[in-house]
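Some notes on the structure that comes next.
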Amino acid sequence: MVNNEIDTVTEDDVGKEVVYNDDTVGRIVEIRHGTAYVDPDPGIVETVAAKLGWADASDEEDAYPLQEETVERVTDDEVRLRTDL
């Protein structure tokens, strides 16, 4: 599934960068019960594991839930956050 200019994060978005004001602030590592979890400082191992579906936010001490209302849009490459927060 291709997410062109939508504002809902899905399982297809695991592994994407989270961007705020043109700065990468983390990466989606898991979707659990409809909530995306963001690791603010993933290493290469965590990034690849997330893309392969091997990551689990419950194992990530630094994974934080992403509030749906903070998402401006989801593209093929990134999850962009609203700048008017």
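The values are calculated or read from the model by the stated rules, or taken from the named source; none is laboratory data. What you see is a predicted model; the values in this text were computed from it and never measured. Ideal geometry is used to build each Cβ from the backbone, glycine not excepted, and the neighbour counts take in all protein chains shown.
General observations
- Under the condition of being assigned to a loop (DSSP other than H, G, I, E, B), surrounded by 11 or more Cβ atoms within 10 Å (Cβ to Cβ) and at pLDDT 85 or above, the residues counted in region 6-45 number 7.
- The lone criterion from (1) modelled with pLDDT of 65 or more; (2) surrounded by 15 or more Cβ atoms within 10 Å (Cβ to Cβ); (3) closer than 14 Å to residue 79 by Cβ left unmet by residue 3 is number (1).
- Scanning region 66-85 for residues that are in contact (Cβ under 8 Å) with a residue 24 or more places away in the chain and not in a helix (DSSP H, G or I) yields a total of 13.
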